[in-house]
Structures are given as C-alpha cells and as structure tokens.
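The structure under discussion appears below in the form of structure tokens.
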Amino acid sequence: KIYQASTTAPVNIAVVKYWGKRDPKLNLPTNSSISVTLSQSDLRTHTTAACSASFPTSDSLLLNSSPQDVTGARTQACFRELRSLRAALEASDSSLPKLSTLPLKIVSENNFPTAAGLASSAAGFAALVRAIANLYDLSSSPTELSRIARQGSGSACRSLFGGYVAWQMGTKDDGSDSLAVEVAPASHWPTMRALILVASAKQKKVSSTSGMQTTVATSELFQRRAEIVVPKHMEEMEKAIKEKDFEAFGRVTMKESNSFHSTCSDTFPPIRYMNDVSWAAVGVVEDINRKAGKIVAAYTFDAGPNAVIYYEEANTDIVAGVVKEALGSVSGWESRDIKAQASDVLDAADVEVLKKGITRVILTQVGEGPIRTEES
Ligand code: DP6
C-alpha cells in the first residue's frame, strides 16, 4: 500500500528582510521579518509526499525530475521533526498505520526557474513540510509547522501563510518561539500587485546562507541594522499593512532593501547582489514616484539582481504600464492586460540598461497560503 498527499506552496518576498542567523543550525534569525505571499497562479511549488513499505529503504526527493540529496542537515531536520509528531500520534492511537517508520518519497515541481533569486527554497521547504504533515494527518497549525519549515530554509517559514506574514525572531535557544504568524490575510489588502523584473535566471554566486554568515561575522553596520533599524521597520510595516497605507508600506520596503544591501556592501569581502540592471530599476521606480508626487511604487531586491516592484492595482497604468512601454518586447506581459503608457518620465539611460538586462517579467499579486491538492 502507498500512502500519499499533495499540496502547493507559494513564494514570499520580504518587505522587512531576514539577513543574519544567531543559530545557523536551527536557522534562528538575528531579526524578525515580514513578507508578502505571492499568488500561486504565477509562482508555486507543487509537492507530493508518499510513504510505503514497498519503497527502497532510504528517503528520496525529486525536484523538477532531478534527484536531490536528502542527507543534508536541513532536509533531515524536517523529516525528523515531522516523523516524531507522527510517532506521537501513533503512540496515542494504536489503530493508526505506522507511517513514521516508512521511507518517504517526495516529488516536487516548481513552475518558475529554481535558484534565480525567486525564493524557490521558501516555496520548496514550505511545500515539503506541508505535504508530509498532510500525509501524516497532523493537526498542526501553520504556525506550528513554521517551526519545522524554518529549519529547512529560514524564509520558508513565512510561506505557510497567505497574505502578509511576520516571522517573529524569538529569544529562546531551542527556537520554539521563532515562528511565523499572519499579520493580515490576503483579503485584507487584496489590491497589492507585484511586478517582478527578472534580470538573470542564472544561479546566484553567493548563497544567502553563506552570505548572511559573512555579514554577521564582518559587518559593523549589520549590528545597528539588527538592533535599531529592523525593530523600527517591523513596527512601521505592521502598522502600514493594518492601515493599508501604501506610502508607508512603500517607504519602509525601499528603505529595508537599501539597508539590507548596504550591510552586504559593508561585509568583508563585500557581497554584491544588485547589479547595474537592478540600479536602473531603482531609478525607474524613483522617476515614477516623482512623477506621481507620492510613493506609488516600491522596489525590493533579495539575494540576486531581480527587482520586485510592489504597487496597488489602482496605479497599474502609472507603474506597470510605464515599465511596459519602457521595456518593449520582453516575455511575460501577455499574462495580464496591461496598457503601455508613455514612459517619457523615465531617465533614458536607465531605460537602455533595463531593456538590455531584463529577460522576462512576471506580473503577480498577493495570494493565498498552501493549498491541499488531489492525491496524485
Ligand atoms: C534576502 O531563507 O534563503 O531573501 O535560511 O539560509 O535558507 P536560509 O536563507 P534564505 O534567506 C532569504 C534571504 C532574503 C530575505 C528574506 O527572504 O527575508
């Protein structure tokens, strides 16, 4: 007999950034963070978890059809934690099948390029944990599961929820209070849009895991960020989301991205994730905001050159429409009905750099958390 369960899980893009670990083994962060979950119609991982006495004795994981190493500490931690929750269930009810001792077979597919700086590890570990929790019939809440997903990849803990999500850093050494919680559901502020400018689908050079360790070890700016800047931004961001105040949301989002990339520059040797194309995107967003006379668009960059530009639906024309006109024919615009708008408000040099450097756009929006799918 084969037991199995499936789920999807979304990507999330942080607006208050996680960067730095106080415990690299448990992925306990040096500061709290907040993200927006993006729609799974555009970006998601689909994962099926199966177990059976008839499987080969070792656990296995296929990602986009290629076998992955499951012996790494992070995957092992997720398997171990989920198995022990299942074992506790089995111990309390002897009529349950003994799934906790059976080998696991995990099959995952991304509908977007892996490791292009599009937070694939977040969706990946969230889907893995959610799928096995479904397979094991665990009653654990998303917050409880976030403790496990965090050990796979820090940012994954935020992908167990839809909408606007905070990861509370916690203070305990065992990580039991380092958990994700919902700030607001997607339905609270459903008009949030995200335009992703894909600058390069190549594998990134410095992984977030090693990059943030070097930052913690060498950057002095980092300490100020963790102790003073982020706590202030956390408070301002939660308030902006609760009040649906885009100007405040946008200002904090941009300042956060700038602060995070400044600590990267201050790392020794320096880490550089943003490139000339990224800076051209910053210029374009500034020009759009200047023209609008207020903040209507907000850029943010993770551990790679891609720009994510948040804006509200009502400003689609003056944000996405202007970028569409500037970029001309790159793929991705087909997915939404965006009218190109005059882009003469933009700096011509920025437009040239963007045109050369952007290979694809993804138009998406705030979305829901993991969704259980047909067992197939
Ligand atoms: C810049 O979650 O990928 O995207 O915990 O080592 O797996 P690990 O790191 P990861 O780091 C994400 C960093 C970031 C900011 C963020 O998502 O908050």
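A short reminder: the numbers here are calculations on the coordinates, not readings from a lab. Just so it is clear, the structure is predicted and the values come from calculations on it, not from any experiment. No Cβ is skipped: glycine too gets one built from the backbone with ideal geometry, and neighbour counts run over all protein chains shown.
Okay, here's what the table says:
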item	result
Subset of Lys21/Lys98; Lys17/Lys239; Lys205/Lys294 violating a 27 Å alpha-carbon distance limit	Lys21/Lys98; Lys205/Lys294
Electrostatic dipole magnitude of the chain [Cβ: Lys, Arg +1; Asp, Glu -1; Cα centre; debye, to 20]	680
Student exercise, segment 30-127 dipole from Lys, Arg, Asp, Glu Cβ charges, in Debye to nearest 20	120
Label point distance in nm, Asp177-Ala342, each placed 7 Å from Cα along Cα→Cβ	5.7
Cα gyration tensor shape of segment 199-255, rounded if a/c is under 1.5, else prolate or oblate by comparing a/b with b/c	oblate
Kirkwood hydrodynamic radius of segment 142-213, Cα pairs, Å	14.2
Cβ-based charge dipole, the chain, positive-most Cα from Ser153, Gln223, Leu104	Leu104
Inter-probe distance in nm under a simple model that places probes 7 Å from Cα toward Cβ, at Thr209 and Asp69	0.8
Positive-end residue of Ala53, Gln68, Val36, charge dipole of segment 1-72 with Cβ unit charges	Val36
Simple Cβ-charge dipole of segment 222-376, Lys/Arg +1 and Asp/Glu -1, about Cα centre, in debye nearest 20	280
Translational D in µm²/s for the chain (Stokes-Einstein at 10 °C, 1.306 mPa s, Kirkwood Rh from C-alpha pairs)	75
At q = 0.10, 0.12, 0.14 Å⁻¹, base-10 log of I(q)/I(0) for segment 73-195 (Debye sum, equal scatterers on each alpha carbon)	-0.35, -0.49, -0.66
Residues of segment 73-106 with amide N under 13 Å of the 7 Å Cα→Cβ point at Ser52	103-106
Taking the C-alpha atoms of segment 95-159, convex hull volume expressed per residue in Å³	94
